[in-house]
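Any read-out appearing in this document is the output of simple, stated calculations on the displayed coordinates, not a laboratory observation. Predicted, not measured: the structure shown is a model, and the values here were computed from it. Here the Cβ positions follow ideal geometry from the backbone for every residue, glycine too, while neighbour counts run over all protein chains shown.
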Amino acid sequence: GAGVSQSPSNKVTEKGKDVELRCDPISGHTALYWYRQSLGQGLEFLIYFQGNSAPDKSGLPSDRFSAERTGGSVSTLTIQRTQQEDSAVYLCASSLAFGASYEQYFGPGTRLTVT
Amino acid sequence: TQLLEQSPQFLSIQEGENLTVYCNSSSVFSSLQWYRQEPGEGPVLLVTVVTGGEVKKLKRLTFQFGDARKDSSLHITAAQPGDTGLYLCAGEGLGDSWGKLQFGAGTQVVVTP
């Protein structure tokens with residue numbers, strides 16, 4: 001079956017522009033997670049969704065970051081007025097339900113470069 | 001914030017050698033997971049340990065959770081080139097952090113033929 005897919009795979013943008021990153025989770029997975037991985041760093045938790053709601057947005061680095069999920073499926077992570085420090089790989093994962101006892105399946109990520 | 005420190009950061013060994021990767025924290029975790037990540041891909045879950053002192057074996061990989069549930073180790077016996085990758089540990093926190101994973105920075109393992 002299809003795994004988690006993300007698009008685009010690579011995105012180069014100029015400082016100050018807005019970008020949208022898309023995540024298609026595994027069908028039937030109610031939980032969806034966004035992480036950021038900078039060079040030489042581990043994964044930084046950004047936000048998670050249970051269905052369409054995001055109970056905890058405290059992991060988002062600034063108010064330039066927002067995320068939504070519609071129809072309990074596709075999610076979009078939006079970064080407004082991008083900065084060079086936003087350059088990283090953005091990973092999405094999904095699981096059957098929320099909680100570490102449910103295996104998270106990761107997508108291949110979107111590599112964002114802000115010039 | 002519960003910090004997970006992994007050591008070493010980088011490990012290069014010859015095929016057939018053994019290696020151990022460590023994951024340490026001053027905080028207690030309700031569970032701990034190990035992942036392997038290859039270039040251009042997302043991490044893939046290898047194992048979850050939940051009980052202090054627990055030891056799990058996955059073929060040539062042995063995972064141990066510390067008695068106090070603050071640290072873990074991954075031991076690979078007779079490493080093969082296919083074991084090359086970035087090994088990440090991730091802890092599930094307690095209380096308000098339940099369900100959310102805190103990742104270490106990873107250990108890059110390179111196994112040469």
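Which distance in nm do the two modelled labels at A:Lys15 and A:Arg111 give, with both placed 7 Å along the Cα-to-Cβ direction?
The two pseudo-label positions are separated by 2.2 nm.
Relative contact order for region B:7-112: what percent, with Cα pairs under 8 Å and sequence separation of 6 or more?
Relative contact order for region B:7-112 comes out at 36 percent.
Over the whole of A:97-105, what's the average partner chain Cβ count within 10 Å per residue? Rounded to a whole number, please.
5
A:Asn52 to A:Ser101: FRET efficiency via 1/(1 + (r/R0)^6), r the Cβ-Cβ distance, R0 25 Å, to the nearest 0.05?
0.65
Taking 0.36 nm per residue of sequence separation and subtracting the Cα-Cα distance, how much length would be gained by fully extending the chain between A:Gln83 and A:Ser27, in nm to one decimal?
Extending this stretch completely gives an extra 16.8 nm.
Compute the relative contact order of region A:5-97 as a whole-number percentage, counting only Cα pairs closer than 8 Å that sit 6 or more residues apart in sequence.
Relative contact order here is 38 percent.
Once you have a ≥ b ≥ c as the square roots of the Cα gyration tensor eigenvalues for chain B, tell me rounded if a/c is under 1.5, and otherwise prolate or oblate according to whether a/b is larger than b/c.
prolate
If you add up the charges near B:Tyr35, with Lys and Arg at +1 and Asp and Glu at -1, over every other residue whose beta carbon is less than 12 angstrom from its beta carbon, what do you get?
Neighbour charge sum, excluding B:Tyr35 itself: -2.
With Cβ to Cβ distances under 13 Å as the rule, what net charge do the other residues near A:Ser73 carry (K, R +1; D, E -1)?
Net local charge, A:Ser73 excluded: 0.
Would you please state which residues of region A:3-20 a label at A:Ser66 would reach in this model, taking the label point 7 Å out along Cα→Cβ and a backbone N cut-off of under 14 Å?
So the set is A:18-20.
Taking R0 as 41 Å, what's the FRET efficiency between A:Val74 and B:Ser27 from their Cβ-Cβ distance, rounded to 0.05?
The calculated FRET efficiency here is 0.75.
Using alpha-carbon positions, what is the distance between the centroids of region A:49-96 and region B:37-59, in Å?
Between the Cα centre of region A:49-96 and that of region B:37-59, the gap is 25 Å.
Below 9 angstrom from the Cβ of A:Arg36, what's the summed charge of the other residues (Lys, Arg +1; Asp, Glu -1)?
Here the count lands on -2.
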